[in-house]
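First up is the structure itself, then whatever we jot down about it.
The values are calculated or read from the model by the stated rules, or taken from the named source; none is laboratory data. Remember, predicted model here, so these are calculated numbers, not experimental data. So basically every Cβ, Gly included, is an ideal-geometry build from the backbone, and we count neighbours across all protein chains shown.
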Amino acid sequence: MDNHLINQLRSVCLSMFRKNFFGIYHGSISAKTDYNRFIINKKEAIFDDIDEHSLIELYFNKDYRWNEASIDSYIHQNIYQNIPEAKYVAFGMPPYTTAYCLEHSKIVPKDYFGYTMFESLKVYDPKSFDNWYERADVEIYRHLKNTNSNIMIIKGYGVYVYDRDINQLAKKIAVIENSCRLLFISHSF
């Protein structure tokens, strides 16, 4: 594996873990390495200490390595296969965003950075969680592709984002989380 890429993933994972966007064993991050393969965290990855042993390279054709990979691997693969501009993909469950979306179908940031970056974001309602993981790999990439958006906020589940730049990917999640935090605090008064 490319050491530079591993260091990029390590740095972003640690930052996102410290901000509580990733939990212990909860979340996923990947990078496309070629037209038919990508690196993703393993099932047992702890996001504040990602290294080459926490990551696995997968080919789009499934083999034994898929058994070690994150449960979100199929979702990441579908994004890479169907959205050519995706270079990095992450899934996290930032607490303020996830909580805010339980009661709102749209996020309209009232802070400068959130408003200038997003203006507003619709929240996707998966309806039933009973069969969500059976549907998620298709619904997520279709939603991203059909809305021409590189971010998907899913009610009660979390946030999927892709980008060509790993730092921009992290920035988008951070700005949304900060906007939702400010909205949450402002509604508390």
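A few points about this structure:
- Criterion: small (Gly, Ala, Ser) and either in contact (Cβ under 8 Å) with a residue 24 or more places away in the chain or surrounded by 18 or more Cβ atoms within 10 Å (Cβ to Cβ) (or both) - qualifying residue of SER128, SER73: SER73
- Restricted to the range 16-47, and to residues there that are charged (D, E, K, R) and in a loop (DSSP other than H, G, I, E, B), the residue that is modelled with the lowest pLDDT is GLU44.
- Top-ranked residue of the range 53-67 - restricted to ones that are part of a loop (DSSP other than H, G, I, E, B) and surrounded by 13 or more Cβ atoms within 10 Å (Cβ to Cβ), ranked as nearest to the chain's Cα centre (by Cα): SER54
- Counted residues, the range 148-176 - those being part of a loop (DSSP other than H, G, I, E, B), among the small types (Gly, Ala, Ser) and surrounded by 15 or more Cβ atoms within 10 Å (Cβ to Cβ): 1
- Single condition ILE83 does not satisfy, out of (1) farther than 19 Å from GLN168 by Cβ; (2) out of contact with any strand residue (DSSP E or B) (no Cβ under 6 Å at 6 or more places or on another chain): (1)
- Any chance ILE50 is without any contact (Cβ under 8 Å) to a residue 60 or more places away in the chain, part of a strand (DSSP E or B), out of contact with any Ser or Thr (no Cβ under 8 Å at 6 or more places or on another chain) and surrounded by 14 or more Cβ atoms within 10 Å (Cβ to Cβ): no
- Against the test of being of a type outside the set (Phe, Trp, Tyr), modelled with pLDDT of 95 or more and more than 29 Å from ASN7 (Cβ to Cβ), the options LYS172, LYS127, LYS106 yield a single qualifying residue, LYS106.
Residues are listed down the side, and each one gets a yes or a no for (1) of a type in the set (Phe, Trp, Tyr); (2) closer than 27 Å to ASN146 by Cβ; (3) touching a Leu at 6+ places or on another chain (Cβ under 9 Å):
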position	(1), (2), (3)
LYS43	no, no, no
PHE47	yes, no, yes
ASP63	no, no, no
ASN67	no, no, no
ILE79	no, yes, yes
ILE83	no, yes, yes
THR116	no, yes, no
SER120	no, yes, no
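- As for the range 1-16, it holds no residue that is more than 20 Å from ARG164 (Cβ to Cβ) and crowded, with 17+ Cβ neighbours inside 10 Å.
- Looking only at the range 17-44, and only at residues there that are basic (Lys, Arg) and in contact (Cβ under 8 Å) with a residue 24 or more places away in the chain, the one that is surrounded by the most Cβ atoms within 10 Å (Cβ to Cβ): LYS32
A quick yes/no check of all residues on (1) in contact (Cβ under 8 Å) with a residue 40 or more places away in the chain; (2) at negative phi; (3) acidic (Asp, Glu):
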site: GLU134; (1), (2), (3): no, yes, yes
site: MET152; (1), (2), (3): no, yes, no
site: GLY158; (1), (2), (3): yes, no, no
site: LEU182; (1), (2), (3): yes, yes, no
